[in-house]
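The values are calculated or read from the model by the stated rules, or taken from the named source; none is laboratory data. Because the structure is predicted, anything quoted here is derived from the model rather than measured. Here the Cβ positions follow ideal geometry from the backbone for every residue, glycine too, while neighbour counts run over all protein chains shown. Ligands, DNA and RNA are stripped out before the accessible areas are found, and what is left, the full protein with its side chains, is counted by its heavy atoms. Shrake-Rupley method; radii C 1.70, N 1.55, O 1.52, S 1.80 Å.
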Amino acid sequence: MARNKLVYNRSDEIGVVLFGTKETSNELAKELGGYKHVVVARDIKVVDEETTNALQNLPRGTSPGDCIHKESGVRHNAVMDENDQLLYHFRERSVTKVVQVDSPTSLLGALRTRNVLPVTVFRGDLEVWVYKKTSEEKFPTLKKYSDKAPASDKFASHEVKVDYEYKSVLEPDTVVPPDQRIKGYLYGPQVVPISSAEWEAVKFKPEKVLRPDVSNGDTVHLFYFNRHYFMKDVFSFVPEPGNTKAVAAVSALARAMSEMNKVAILRCVWRQGQGNVALGVLTPNISSAKNVLDSFYFNILPFAEDIREFQFRSFSSLPSSSQPTKEQQEAADNLVKMLDLAPPGREEILKPDFTPNPMLERFYRYLDLKSKQPDANVPPLDKCLKKITEPDPDVIDYQAPLIKKLGNVFELKENPKKKKARTQDRLTYTGADDQAKLLEEPSAEKVGVLEALYPPKKKAGEIGDHNPVQDFEAMLTQRSSSTWVQTAIEEMQKYITALIQDSCDRDNQQKALECLVALRKACIIEQEPNEYNGFVTKLCQKFRPAGDKNFLQLLSSKNASLISKEEAPDR
């Protein structure tokens, strides 16, 4: 605490009082008597390095003091209760919070890095004041320092100033003045110049407002929102201080929304002329303490451009050979349950209110050490911080049988790095029955002879004539963009159509059928049944009038029928 105040709150005052000492040295003992075994080690004054040194060299008490004490492991409940009442009395009559911790790590988190003054971000509509409830604590900015100033100059700021010069490409020796410079923005291959006046005219400048933004009502049900949609910082909406009508209105609205399990959608512009609009969800916060008012929490919601939608295959749609056994599934479920930080019957681990940022805490400790010993090396990680950054040994030991069982039910194999992308994830699209039918891959020498005797035809995209099914599976495993599935399916459809149109013998029809079966399997796995069903329907409509009965008979005899709703629920 003292170290953090040296960094952030240099004007704060701290005093050090020791209880349980052999000696007695305090003003109350001299004036009123009593208060034995209590020593004022340091009077209240502005925090400095002497304070931190005094706290680091505290002696262990040997005698019971007249405050909070223990004897032979037995608590004096009367003394404890009396001191608790005194602490809570201080809390009710001042802006103070009483915190009880049970470990050094929790104590470290309870001592805040720095105190942030409550500054409103909005005052106005609905007679509420808005504050930031959470905000990411970042590393302090390191400033450049200059030692060029004379040592005798006590008023030197040692500040480093940086000036920039802009020169023309055509005339490198000519400095371009500010009135002749303009910003340019990339638009495709070209750079579009936009002046500051034009940019100001383009900027969106809404009026300061706090308004419900739902077309069919002011509130919606809470279950409409997923937690992962919340963005950025959390804001707290509290009634205007001293306004009893605002307190009653906010409390009534919050309790009504809580009983109905509803939230409000708000459009917020914190300042006049602000360049962006915050659209978010307002959640009621009902207080259980007498001296704390009811309020709201506001979480910012994303716009359409902020949401990242990624396509992932459904686990249940994979072949049976790729799905876990009942024993494996049970072991995985137990592993997830083991990771619960608040298991039944045990104290919650790593509570957010009492867990400090280990990176910040380690940085400040090293900064304090470096200020005293400029040549000091980085010390090893502290035990309190290890409990945050490393697995809790008590939890690991307690759940050791579950971890061991997980390793026994899953067979671990080395996954060698494969040279070609087309060989990745091949088994995903190959069932257990199909794996036995796979032919041994031909050697490079044999492939060269075959390509010399039978030159490959023109390729459709990345699908070639030599092994179109594997090429198609390779395209599906690349995942190079958000449209990778659609692109692979379209290329396979083009290739199958070209094979049927150019078919002169039964071999091409057999290859087209194999490609169609692979396309069907992929559309089931990737949950794109409409792509396959529509393509097969078009094939039948196109080639049935041409009288190509052989291929249509093969199509009906093999597993290339339309995808049913049981195979793909999204059909």
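Couple of notes before you dig in:
- Computed from the C-beta positions of Tyr145 and Leu32 and an R0 of 45 Å, the FRET efficiency is 0.30 to the nearest 0.05.
- In order along the stretch 194-206, the Karplus-derived 3J(HN,Hα) couplings, from 6.51 cos²θ - 1.76 cosθ + 1.60 at θ = phi - 60°, round to 9, 6, 5, 5, 5, 5, 5, 5, 6, 4, 7, 10, x Hz, and Gly and Pro are given as x.
- Per residue solvent-accessible surface (Å²) - the stretch 125-174, probe of 1.4 Å: 100
- The length gained on full extension between Glu514 and Gln323, counted as 0.36 nm times the residue separation minus their Cα-Cα distance, comes to 66.3 nm.
- Along each principal axis, Cα extent of the stretch 324-409, largest first, Å: 59, 27, 20
- The calculated FRET efficiency for the pair Ser196 and Asp382, based on their C-beta separation and a Förster distance of 51 Å, comes to about 0.50.
- 3J(HN,Hα) from dihedral phi, the stretch 276-282, Karplus parametrisation 6.51/-1.76/1.60, rounded to Hz, x for glycine, proline: 9, 10, 9, 10, x, 10, 9
- Sorting the segments 149-161, 233-245 by their residues' average number of neighbouring beta-carbon atoms within 10 angstrom, most packed first, yields 233-245, 149-161.
- Applied to the stretch 321-333, the Karplus parametrisation 6.51 cos²θ - 1.76 cosθ + 1.60 on θ = phi - 60° returns per-residue 3J(HN,Hα) values of 5, 9, 9, x, 6, 4, 5, 5, 5, 5, 5, 5, 4 Hz, with x for Gly and Pro.
- Gain on full stretching of the segment that runs from Asp81 to Asn415 - 0.36 nm per residue minus C-alpha separation: 114.0 nm
- The GluC sites (Glu not before Pro) of the stretch 257-322 that DSSP puts in a loop, and whose beta carbon has at most 10 other beta carbons within 10 Å, are Glu309.
- Here Glu327 sits with roughly 100 square angstrom of accessible surface, probe radius 1.4 Å.
- Annotation for the stretch 295-384: chymotrypsin sites (Phe, Trp or Tyr not before Pro) lying in DSSP loop with at most 14 further Cβ atoms inside 10 Å of their Cβ are Phe303, Phe310, Phe312.
- R0 of 45 Å, Cβ-Cβ distance Gln541-Ser258: FRET efficiency to nearest 0.05: 0.15
- Positive minus negative residues near Pro178 (Lys, Arg vs Asp, Glu; Cβ under 15 Å): 0
- Taking amide H positions as modeled 1.01 Å from N, with prolines and chain starts lacking one, the residues under 5 Å from Val17 and 5 or more places away or on another chain are Ala41.
- Label-to-label distance, Gln56 versus Ala400, with points set 7 angstrom from Cα along the beta-carbon direction: 3.8 nm.
- Taking Cβ atoms as reference points and 12 Å as the exclusive limit, the residues near Thr389 contribute a net charge of 0, counting Lys and Arg as +1 and Asp and Glu as -1.
- Segment Ser288-Asn334, length gained on full extension (0.36 nm per residue, minus Cα span): 13.0 nm
- Whole-number accessible area per residue in Å² for the stretch 207-306, which is evaluated in the context of all protein chains at 1.4 Å: 59
- Accessible-area composition of the stretch 208-344, carbon plus sulfur, in percent [1.4 Å probe]: 55
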